[in-house]
Each structure stands twice: as C-alpha cells, then as structure tokens.
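Okay, here's the structure, questions in a sec.
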Amino acid sequence: GWNIMEGTDWFQPEEGCDQAGLELPVITYTHDEGCSVTGGHVYRGAAVPALYGWYVYSDYCSGRVWAASSSEPSEIAVLRDQGPQVVSFAEDANGELLMLAFDGRVYRILQAE
C-alpha cells in the first residue's frame, strides 16, 4: 500500500484514501518502537523449537527483533530489545535463521540459555 498507506494509517492523502486493491498489514508497530521494518522469515530450523513456524522480523533503527505467531499474529514476542541495525534476513542450509546487520556481521538466532 505504500505510498498510499503507512501500515494501517493513511499517508497520501491524509484522510479518505482509496484502499481498493491494497493488502493491509497483519502486524504493525508505532514510531515509538522503531522507524523502518526489516521483513524477515518464518523460522523453520531446529535450534529453537519454540520458535518453529513464527515470523521473525526487525526494526532497522532500534535493532529490536520480534517474532509473531503464524497461527495468531497478535501473539508477538520480543527476541531482542536493541542491537545492531538489521538490513536483511537469510536462512542457512538447515533452515536456521541468520540476520545480516549494517555492522558487517551475520548473526544467528540461537536458543537462550
């Protein structure tokens, strides 16, 4: 919907925009939580069984990383509250999720101990 919508809010025009043909987002967050979503992947790895089937995404500005349940998108978990700016996600050959960051590093999602 960009540049007509920003999330579920009207952008251009500020009121009464035509939403015909637009696919509205399932998940949104406010600018209090960040400024630019970095879309992720549905986790299909084995290293973090509780995360299997959850959609993992990040905010570029805050470094916050979330996971949303595929079966109930309103069920959201914060995986990391702050960190490097994530620019993309990838999967390795085993389906483990990788985060590519602006600091030049590649981070792997692992089970907390």
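Among (1) under 24 Å from GLU96 (Cβ atoms); (2) part of a loop (DSSP other than H, G, I, E, B); (3) of a type in the set (Gly, Ala, Ser), where does GLY21 come up short?
Single failed check for GLY21: (1).
Next question. When you scan segment 1-23, how many residues do you find that are touching a residue at least 12 places away in the same chain (Cβ under 8 Å) and open to solvent by 70 Å² or more (accessible area, probe 1.4 Å)?
So the answer is 4.
Is it true that GLN12 is modelled with pLDDT under 90 and either in a loop (DSSP other than H, G, I, E, B) or of a type in the set (Ser, Thr, Tyr) (or both)?
Yes.
So which residues in segment 43-100 are within 18 Å of ILE27 (Cα to Cα) and basic (Lys, Arg), if there are any at all?
ARG64, ARG80
The values are calculated or read from the model by the stated rules, or taken from the named source; none is laboratory data. Since the model is a prediction, treat every value here as computed from it, not as a measurement. Note: ideal-geometry Cβ built from the backbone for every residue, glycine included; neighbour counts use all protein chains shown. Areas reflect the complete protein model, heavy atoms only, side chains present, ligands, DNA and RNA absent. Shrake-Rupley method; radii C 1.70, N 1.55, O 1.52, S 1.80 Å.
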